[in-house]
Amino acid sequence: MSTHAKRERLLLADLLETAGPDAPTLCEGWTTRDLAAHVVVRERRPDAAGGILIKQLAPRLDRVMAEYTDKPYEELIQLIRTGPPRFSPSP
């Protein structure tokens, strides 16, 4: 991961941490917890992330997103800070 990408990732994690889990976002109806879960699922769960683009896979994405939004907020922030796994399709 490039230095710029690492810096941006850390800034995002810091911003989400400062805002707290229930702050509104520019994505209507989403909180910062929803946004953090979205980033983590997109990077770590390619089996579910396909639901972002493929309508038939959306129910699976919804289930996985619910699992991640139920995780402790601090855990989501840490997963964002550490970045995607080494072999993630979303480096």
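The values are calculated or read from the model by the stated rules, or taken from the named source; none is laboratory data. Quantities reported herein were computed from a predicted structural model and do not represent experimental measurements. Cβ placement follows ideal geometry from the backbone for every residue including glycine, while neighbour counts extend to all protein chains displayed.
Couple of notes before you dig in:
- Put simply, of Ala37, Ala58, Ala49 the only residue that is hydrophobic (A, V, I, L, M, F, W, C), more than 12 Å from the chain's Cα centre (by Cα) and assigned to a helix (DSSP H, G or I) is Ala58.
- Which listed residue, of Pro91, Pro21, is surrounded by 11 or more Cβ atoms within 10 Å (Cβ to Cβ), outside any helix (DSSP H, G or I), modelled with pLDDT of 90 or more and not charged (D, E, K, R): Pro21
- Exactly one residue among Arg60, Arg86 is basic (Lys, Arg) and modelled with pLDDT of 90 or more, and that residue is Arg60.
- Output for the range 68-81, where each listed residue is surrounded by 13 or more Cβ atoms within 10 Å (Cβ to Cβ), of a type outside the set (Val, Ile, Thr) and assigned to a helix (DSSP H, G or I): Tyr68, Tyr73, Leu76, Gln78, Leu79, Arg81
- Lone unmet requirement of (1) aliphatic (A, V, I, L, M); (2) modelled with pLDDT under 90; (3) part of a helix (DSSP H, G or I) for Met1: (3)
- Cβ pairs under 8 Å, 6+ apart, first in the range 63-83 and modelled with pLDDT of 95 or more and charged (D, E, K, R), second part of a helix (DSSP H, G or I) and buried (at least 19 other Cβ atoms within 10 Å of the Cβ): Arg63/Ala48; Lys71/Ala37; Arg81/Ala13
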